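The values are calculated or read from the model by the stated rules, or taken from the named source; none is laboratory data. As the structure is a computational prediction, the values presented were derived from the model and not from experiment. Neighbour counts are summed over all protein chains in view; Cβ atoms, including those assigned to glycine, are modelled from backbone coordinates with ideal geometry.
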Amino acid sequence: MNTRVTIADLVDARRAGKKFAAVSCYDYTTARLVAAAGVEMILVGDSAAEILLGHDSTLPATMDFMVTITAAVRRGAPNVCLVADMPFLSYQTGLKDALTNAGRFLTEGGAQLVKLEVGEAQIEVVKAMSDAGIGVMAHIGIKPQTIGKMGRLRVDGDTTEAAAMMLDLADAMVEAGAVSLLLEGTARDVAKMVARRVPVPVVGCGSGPDCDGQILVIADILGLTQREMPKFSKKYMEGGKAMTAAVAKYVAQVHSGKFPDDKHSYHVRKSEAADFTKWRKQQAE
């Protein structure tokens, strides 16, 4: 029986008024643990460029890198609804590039949906992907890939004009074929209007509790990041401190000679004990 969560399941959850949880993570080991916790969706975000590689923006993420880590996450979480983030310049350079790159996420990475940051310029891209049978999550609101143009990121939908533009864009994306929306850093009142207005699942990232689903970055959830966390994020444990303490304990045991001990060592086979003892004595002579 197929137990994989699909976009159809999330549509059903929305209709039933049930919330769903999504997490951004980037590797096999973490994805396996996240899936075991019961999340319905994992997004392999281009934020991996910041979280995993230490860059100061998402822009350095490449297609090859994103496809590789998406495939790793799929292996760790075979039954979640898997969304892959299309990196900067993977879909802005023409429809052919956009379709080819999106297709790689499905055929090589095992993703079910691709996510792209959108404005009016991406309407035709979303339509072309939809027409090709590719599930699209349209990302509106704060768009991290525009950092080079904007200089800094700010809340979206916090004025009447911006709210009206966001609702129009949401409508346009759904009409173009988007099967889901992600709202990042959007004023709660406006996010609620979008979520009630469109017929597709709406995932909120710093956009209030009225969206159908919520998403946070795994490093923030676990308390692993050293960066200043955004207002909307929440730390559920002090994982960084726990990891440092565990490694420090290991270092101390290595320095003192307590690790490794006999229990953590391999030994000559018992069947070889007599021959080995005889040979060792010969080596000592």
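Among the residues of the range 203-214, those that are within 20 Å of ARG15 (Cβ to Cβ) and either in a loop (DSSP other than H, G, I, E, B) or in contact (Cβ under 8 Å) with a residue 60 or more places away in the chain (or both) comprise VAL203, PRO209, ASP210, CYS211, ASP212, GLY213, GLN214.
Taking only pairs six or more apart or across chains, which ones have beta-carbon atoms under 6 Å, a first residue in the range 255-279 that is assigned to a helix (DSSP H, G or I), and a second residue that is of a type in the set (A, V, I, L, M, F, W, C)? Close Cβ pairs (under 6 Å, with a partner that is of a type in the set (A, V, I, L, M, F, W, C)) amount to PHE276/VAL268.
Yes/no matrix, rows are residues, columns are (1) closer than 30 Å to THR30 by Cα; (2) of a type in the set (Gly, Ala, Ser); (3) at pLDDT below 95:
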residue	(1), (2), (3)
LEU167	no, no, no
LYS192	no, no, no
ASP210	yes, no, no
ARG227	yes, no, yes
PHE232	yes, no, yes
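In the set ALA48, ALA35, only one residue is under 15 Å from PRO144 (Cα atoms) and among the small types (Gly, Ala, Ser); that residue is ALA48. Could you please let me know if ALA164 is out of contact with any His (no Cβ under 7 Å at 6 or more places or on another chain) and farther than 27 Å from ASP220 by Cβ? Yes; evaluated as a whole, the condition is true for this residue.
Residue count for the range 96-116 under the criterion of being surrounded by fewer than 24 Cβ atoms within 10 Å (Cβ to Cβ) and without any contact (Cβ under 8 Å) to a residue 60 or more places away in the chain: the result is 11. For GLU228, the conditions (1) surrounded by 11 or more Cβ atoms within 10 Å (Cβ to Cβ); (2) in the same structural domain as THR58 (by TED's automatic domain parsing); (3) under 27 Å from LEU33 (Cβ atoms) all hold with the exception of (1).
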